[in-house]
1. How far apart, in nm, are the 7 Å Cα→Cβ label points at ILE82 and ALA59?
2. Per 5 Å bin, what percent of the C-alpha pairs of the stretch 53-97 does each bin hold, from zero upward?
3. So, counting K/R as plus one and D/E as minus one, what does the shell of residues with Cβ under 14 Å around ASP89 add up to?
4. What is the local net charge at TYR73, summed over the other residues whose Cβ is closer than 15 Å to its Cβ (Lys, Arg +1; Asp, Glu -1)?
Amino acid sequence: MRFEDALDRKAYVKSVRESFELTGTGGHSEGKTIDKGEAKDGFSFFKVRMLLAACIFAAFVICDQTHTKFYQYSTQDVVKQITKNYDYDKIRLLFRRKLDTALSSYAPWC
C-alpha cells in the first residue's frame, strides 16, 4: 500500500467517524449504553412478557370467580397441576435405568 493510499484511507475513516458523531448515533463514544433487548425508544420485551403474565393471571382469577372451564379444565385442575409434587429422584433413577438398558442393547460389550 502506498503512502498516499494510507493517507486517503485515514481521511475516509475520519470522515465516516465524524458523520456518525454529527448524526448522534455514536453509541458508546457519547456515553450512551446499549441495553440488550431494548430498542432506541425504550421498548422492552420484558414489559411485553410482564403484561402478558398479568393478563393470564387476570384471566385465571376471572375464571376462578365465575367457575368457568377452559377446554374442560377448571381452575382447580390447574392448581392441582401446579402444586403437584414430583419426586425427581425417582424420575432420574427411571431415566438412568432406561438409558442403561438402551445403551446395553446398543453396545452389549459395555
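1. According to this spin-label approximation, the distance is 1.4 nm.
2. 5, 18, 19, 18, 9, 8, 11, 8, 3, 0
3. Local net charge: +3.
4. +1
Laboratory data are not the source of any read-out in this text; all were calculated from the coordinates shown. Nothing here was measured: the structure is a model prediction, and the numbers come from that model. FYI the Cβ positions are ideal-geometry reconstructions off the backbone, even for glycines, and counts take in every protein chain you see.
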